[in-house]
Amino acid sequence: LQPSGNASFFISNNHEKGIWHFDGETWIEDPAMLRGLSQALKTVDTTRDNGVRLRDTDNDGICEIIVGNPDTQAVLKWVPARKQWQPATFNLPPGVTIVRQDGSDNGTRFVDINEDGFLDVIQSNESRYSLNIYIPQPIDGWNIGWPREVMAGPRSDSNAIPMIVRGGAHNNNGAWFHSRHLWIQNEDTAHLPNLVDRRSYDNLLRGVLPLPKSPQESLRSMKLLPGYQIELMVAEPLVEDPVAFDWDAEGRLWVAEMADYPLGLDGKGQHGGRVRWLEDRDDDGRYDHSTIFLDGLSFPNGVMPWRDGVLISATPDILFARDTNGDGKANETRVLFTGFHEGNQQHRMNGFEYGLDNWVYCANGDSGGTVTSPGTGLSVNIRGRDFRFRPDTLEFQTQIGQTQYGRRRDDWGNWFGNNNPSLGWHYIHPEHYLRRNPHFIAPSSRKPLGNYNRSHQINGISRPLQRFNGVGTFQHITAANSPAPYRDDLFGEQSARHLFISAPAYNVVRRELLQPSGVSFTSSRPEGADGPEFLASSDAWFRPITLRTGPDGALWIADFYRLVLEHPQWIPNDVEERIDLRSGSDRGRIYRIYPVGTKAKPTPNLASKTTSQLVAALDSPNGWQRDTAQQLLVRQNHKSATKHLIKLLQSSTNPKARLHALCTLEGLGQLRAEHAVAGMSDHHPGVREHAIRVSEILLRSGPDDALEQALRRLVDDTEIRVRRQLAFSLGEWGSPTAGELLGRLAKASAGQPDLQTAIASSAVGR
């Protein structure tokens with residue numbers, strides 16, 4: 001209790017109380033050092049040990065008084081400036097006591113397990129076990145004390161720490177600490193090698209990490225909501241480290257593999273990311289052949305087939321790569337855009353999603369950057385914004401939203417994003433409209449989803465691994481990404497309202513049910529806050545990243561399959577030295593989910609279709625098929641498709657087909673006023689909304705009478721989304737008539753702030 005290092009002792013019972021120090025020759029009583037100690041504090045009560053111990057927890061040379069019994073837990077620190085004892089800012093970990101109610105040993109020991117010079121707390125008895133590491137200074141959300149729980153659980157756990165004490169009158173279990181090990185020797189260990197059981201400090205600090213499972217074992221560890229089934233579509237060695245994927249027009253699967261996560265192949269930044277494509281050569285519905293298309297990439301996190309090659313997001317660049325000699329491997333690579341900020345690989349720019357407006361959309365990733373196109377020389381700062389671009393013309397524009405990973409669209413052009421702690425956002429106002437009026441400060445265009453009680457609670461089934469950041473976030477979503485609207489009819493009538501979100505930190509996939517609300521949505525969990533997740537795995541290595549509706553109508557999942565998901569930035573050095581941050585780099589799986597009692601649809605080869613057949617493909621219930629058919633028609637400039645598109649617009653009973661007919665006519669430059677008018681008269685509000693949008697090119701050159709009359713009628717449309725789009729699009733029309741219609745909309749806009757925002761964006765100069 002003194003800096004001299006000489007021994008001290010403290011006694012407090014029903015007969016005497018005092019502190020004595022040894023001065024080298026004799027014991028000297030120090031009554032002043034009792035200041036601040038409660039009269040009720042006793043080291044023993046009659047003959048019962050009260051669990052009072054002297055331990056120097058902070059290495060200042062003076063022990064703290066630690067009290068740990070079922071009735072009292074406290075840590076008292078001597079404060080020289082005040083010359084008295086005061087409560088420390090921390091206590092023993094929850095559930096940890098030094099003695100039991102009868103004063104017997106409860107199996108708690110103070111040992112420097114991680115060898116940082118500070119005492120950690122380990123407890124193990126017949127009921128439970130735990131290991132908590134001492135934190136000497138606040139860091140990454142941890143406060144001083146023992147808040148960092150490495151492992152804990154009931155005695156029944158298969159990986160439990162061996163008992164230090166056991167139940168019964170004679171509870172000494174023969175435990176001691178030596179040579180960086182916990183040793184146990186008793187009658188139960190007599191059959192073991194060397195007659196002892198032991199656990200190394202390294203083993204304890206690993207938290208007895210789970211071992212990887214084979215693809216089939218991992219598949220069996222998954223639990224789906226009733227009525228659904230999951231299939232393994234491809235696994236290592238055909239695919240490794242998958243984080244993103246997409247299909248080309250031939251139906252081949254393209255995969256971006258972040259093999260260099262987290263710090264490069266060599267731990268020093270060596271690039272090793274890959275893009276590969278897979279095919280099903282024997283037509284059995286499973287991919288059986290894999291070709292590495294391009295490797296040596298910088299942490300690739302997105303891939304999209306485009307023309308005769310693929311787009312790749314690999315910060316600091318967006319690349320276009322293609323094979324020109326037919327060997328299946330890229331031999332020509334071109335940088336389309338560069339300047340995206342590097343850094344934490346979980347916060348980098350990522351792509352891609354095709355918009356109804358024929359632009360390609362990407363997520364910012366939270367890192368920003370001043371982006372330049374070598375082809376045009378133009379630069380754009382994307383700080384705080386997502387973005388879109390045209391790969392052929394290299395046009396580039398920022399967009400509302402700062403999505404961390406996976407900006408996704410539904411069938412009607414609604415864009416969704418999120419970040420680690422946020423389930424999802426709906427981006428309600430396109431930025432290119434809002435930037436028109438410099439005198440108007442628009443309210444937030446990001447509407448959060450999941451606004452219900454305990455929406456961020458995760459109900460996983462895996463044994464939680466040690467977390468190093470996000471203290472207090474256990475069972476709360478901390479790694480949300482890839483908010484994917486379902487885009488087919490295979491999942492049933494309500495499936496168009498399903499939004500799937502991956503949460504790899506807890507090995508689950510969440511399903512939210514969207515409900516239209518004004519121009520946006522609210523969301524709910526059909527299963528309730530305490531209900532099961534849509535998909536949960538007991539395999540802690542299962543890391544679902546990208547989610548997509550496949551060409552077959554199933555929900556596809558890229559499983560990164562890694563032990564360590566957290567970036568080393570958030571992992572303490574002592575832990576980082578003891579685990580392999582790249583465990584699982586030679587593994588990876590891709591799954592698909594679809595309802596029981598149904599069959600996944602065949603994947604069509606759209607590359608072999610004629611122009612009329614591609615137009616017919618726009619009538620598919622499948623979002624990938626409609627998007628791909630539209631891309632092919634627009635990219636290949638199939639003007640001959642015009643008559644077929646007009647017929648589809650006029651006669652299809654599928655409103656999504658009529659929508660794509662309008663968008664494809666726009667992309668081909670073949671949209672005429674009569675097509676827009678037909679769309680504005682459609683019985684489906686989504687078609688009317690986009691008919692207004694695509695008509696903007698006609699408004700800029702002056703509409704004819706029929707188009708003007710159609711616009712006038714829409715001022716009184718019953719759907720607020722239609723009126724909101726009308727207000728946005730009128731800003732592209734310089735006629736006084738546009739001002740008149742905006743005035744009519746404004747008069748009826750009370751209590752409709754989103755409509756008022758659209759009106760204000762178009763009001764400049766009027």
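What follows is calculated from the coordinates using simple rules that are stated; it is not laboratory data. Because the structure is a prediction, the values reported are computed rather than measured. So basically every Cβ, Gly included, is an ideal-geometry build from the backbone, and we count neighbours across all protein chains shown.
Worth pointing out:
- Charge tally around Ala32: other residues with Cβ under 14 Å, Lys/Arg +1 each, Asp/Glu -1 each, net +2.
- Ratio of the Cα radius of gyration of the stretch 117-186 to 2.2 N^0.38 Å, where N counts its residues: 1.26
- Cα→Cβ-extended label distance, 7 Å offset, between Arg307 and Glu16, nm: 9.4
- Radius of gyration and maximum dimension Dmax of the stretch 711-766, Cα, Å: 9.8, 28
- Extreme residue, positive dipole direction of the chain, given options Ser200, Ile62, Thr603 (C-beta unit charges): Thr603
- Global size of the stretch 606-762 as Cα Rg and Dmax, reported in angstrom: 16.2, 53
- Rounded to the nearest 20, the Cβ-based charge dipole of the chain about its Cα centre (Lys and Arg +1, Asp and Glu -1) stands at 2200 debye.
- Radius of gyration over Kirkwood radius for the stretch 8-205, both on Cα atoms: the Rg/Rh ratio is 0.99.
- Relative to the current alpha-carbon distance between Arg383 and Asn6, full extension at 0.36 nm per residue lengthens the span by 129.7 nm.
- Selection from Ser221, Asn173, Val243, by position along the positive dipole direction of the stretch 103-260 (Cβ): Asn173
- Gain upon complete extension [Ala607, Glu527; 0.36 nm per residue less C-alpha separation]: 24.7 nm
- By the Cα gyration tensor, the stretch 257-371 has an equivalent ellipsoid whose semi-axes, rounded to whole angstrom, run 24, 18, 14 from largest to smallest.
- Full-extension gain in nm, Asp116 to Asp327, via 0.36 nm per residue minus C-alpha separation: 70.5 nm
- The convex hull defined by the C-alpha atoms of the stretch 1-110 has an orientation-averaged projected area of 7.3 nm².
- Sequence ranges 686-694, 735-743, ranked by mean other-Cβ count within 10 angstrom, highest first: 686-694, 735-743
- Among the listed pairs Lys17/Lys77; Lys17/Lys42; Lys17/Lys83; Lys609/Lys643; Lys609/Lys639; Lys223/Lys601, those with a Cα-Cα distance over 20 Å are Lys223/Lys601.
- Each residue, Ser444 and Leu54, gets one label point 7 Å from its Cα in the Cβ direction; the gap between the two is 5.5 nm.
- Partners for Lys747 among lysines (Cα-Cα distance below 28 Å; same-chain residues under 8 apart left out): Lys447
- For the stretch 43-64 versus the stretch 711-766, the spacing of their alpha-carbon centroids is 74 Å.
- Under 5 Å, built H, 5+ apart or other chain: amide partners of Thr549: Arg487, Trp556
- Among 313-324, 277-288, sorting by the average number of other beta carbon atoms lying within 10 angstrom of each residue, highest first, gives 313-324, 277-288.
- The spread of Cα positions in the stretch 530-619, taken along each principal axis and listed from longest to shortest, comes to 63, 34, 20 Å.
- Semi-axis lengths (Å, descending) of the ellipsoid that matches the C-alpha gyration tensor of the chain: 61, 30, 23
- Coarse-grained scattering of the stretch 215-595 at q = 0.06, 0.10 Å⁻¹, given as base-10 log I(q)/I(0) from a Debye sum over alpha-carbon atoms: -0.21, -0.60
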